[in-house]
1. Express the relative contact order of region 104-214 as a whole percentage, based on alpha carbon pairs under 8 Å and six or more residues apart in sequence.
2. Indicate the helices, whole DSSP H runs only, in the chain that combine a mean Kyte-Doolittle hydropathy of -1.0 or more with a Cα extent along their long axis of 30 angstrom or more.
3. Among Leu126, Pro107, Ser137, whose Cα sits farthest toward the positive end of the charge dipole of region 97-137 (+1 at Cβ of Lys/Arg, -1 at Cβ of Asp/Glu, about the Cα centre)?
4. So what's the net charge close to Tyr425: Lys and Arg +1, Asp and Glu -1, counting the other residues with Cβ under 13 Å from its Cβ?
5. Determine the relative contact order of the chain: mean sequence separation of Cα pairs under 8 Å and six or more apart, normalised by residue count, in whole percent.
6. So, with +1 on the Cβ of K and R and -1 on the Cβ of D and E, and no other charges, what is the size of the charge dipole of region 176-318 about its Cα centre, to the nearest 20 debye?
7. Could you point to the residue in Pro324, Ile441, Thr95 farthest towards the positive end of the chain's charge dipole, with +1 and -1 charges on the Cβ of Lys/Arg and Asp/Glu respectively?
8. Packing-wise, with mean Cβ within 10 Å as the measure, how do 272-278, 227-233, 134-140 rank, highest first?
Amino acid sequence: MASESIKNVIFIMLDTLQFNYLGCYGNKEVKTPNLDRFAGEGFLFENAYSEGLPTIPVRRALMTGRYTLPYGGWKPLDPEDTTLTDILWCREVQTALVYDTPPMRLPKYGYSRGFDYVRFCNGHELDHETFSKVPLSEKFKPEDYVSPNWLTRDADGELDSSGKSLLRETECYLRQRQKWQSDADNYVAVVARESDDWLRTKRDPERPFFLWVDSFDPHEPWDPPSVWEGRPCPYDPDYTGNPLLLAPWSEVAGVLTEEECRHIRALYAEKVTLVDKWMGRLFESLKEQGLWDNTMVVVTSDHGQPMGEGEHGHGIMRKCRPWPYEELVHVPLMVHVPGLKGGKRISSFVQNVDISATIMDALGYYNTEALHDAGHESISTYDAEDMHGISLLPVMRGETQTVRDFAIAGYYGMSWSIITHDYSYIHWITREIDTDSMNKIFYDGSGKGGNAGRQSAQLEVKEEMWTCVPGAEVALPQQDELYDRKNDPFQLNNIIAEQPEKAKELLQQLKLFIGELRTT
């Protein structure tokens, strides 16, 4: 056992929670008192990064403790993958997954594999068709919840494919949302209550546990309380247009106005506040049940969200391009560790794979000796020795100051980046790609039902992209980007023409690191 004070672990994933929308990360406007208090009493990691993006690759990395960027994109767990629940199989730790994140539940994807208890809460984005047969009240019209500017019609009045898709998703969403009575019916509230129910009524109180809570909120649809109570959004009170529950996956220019982007960000901020409220209630329940003093609690996100121009999204709305920019790849990470004095901010770079190693370390299964206390004769058991992750417990205990000197991030086969304290560098493997191509190749056609990883697994990546012999000349494509991270943290001023040698140095460092990963 890593610490006698740690008996249990709760891992909380808050999907699409952008780090700089939290007060503890410097936001002065968005109200997040519960998460701020949680961070202030625990450990806050200032430089946490997801490496392979977005939703599914991040969870694959978290479930296996292994980087995904060098190996594959949006695809299922492989039989060869060793997951946290594989390691915990036939050991005393009981495991549970409570989630409403539809991509984790795609057919044949297997992301609930090995959990003793699984509770999926229907209804969120990508699961909206579940409610397509529910009668919709006449007072709810999908056209009233999107901008009319986004609904392009031809001479015959027929909507284009983007408009049809947007209205279809909005309509299905309204079919189940129409019956909600308060914010207690919202997705994050349901996930929090179902998690609390497992803790109170379903687990064995005598056994240690690992609970994975995966809330798709504050992911869109952007439907905070103000929308359903018919009052102005507190973060954009002067807005007078339609509520904007969803927006096109699109470049912003020529599609969305700045007023619309600003209102989307305001609705998102209000939804972050709602998530904070229900996380606060879950934290209080843990204290009430006497679990706070023996349970490590980890709170993070998989990625942020592009929502406009400049630092808000570099010109896109939603994840319609393989952008490895700061607003997407930099994630919040906060940890409560019983037995350790918190109130500390840690500046070392960490990656999401390190969370997996930390969970195993906290539960006492981070080394090969753990094999001796589990399993059945002739049935294989697994350990954590193949993880790329590094446990964060030593740095939180003050035994070391640094976990990693840099972080990497990107989209498999499309973009890589390396982030240091002084610079961030982006290497584009492919630049010209539209939303349909991304859906077909990288997202594995998931928008049309999914292909269980076949297309992503077959994506060709030329070998020379991955490796770089030390000292060799590194060619820089014209479109690569270099940023001064201290003076330009949100990557608005590309200085690669001014510092080409620094760019070459970082590209070589990035290629060497990824090349080494591909051999492990």
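The values are calculated or read from the model by the stated rules, or taken from the named source; none is laboratory data. What you see is a predicted model; the values in this text were computed from it and never measured. Cβ atoms come from the backbone with ideal geometry, glycine included; neighbour counts cover every protein chain shown. Calculation scope for accessible area: heavy atoms of the full protein, side chains included, ligands and nucleic acids excluded. Shrake-Rupley method; radii C 1.70, N 1.55, O 1.52, S 1.80 Å.
1. Relative contact order of region 104-214: 27 percent.
2. 258-288
3. Sorting the options by dipole projection puts first Pro107.
4. -4
5. 25
6. Charge dipole, region 176-318, about its Cα centre: 440 debye, nearest 20.
7. Among Pro324, Ile441, Thr95, the one farthest towards the positive end of the dipole of the chain is Thr95.
8. Ranking the peptides 272-278, 227-233, 134-140 by packing returns 272-278, 227-233, 134-140.
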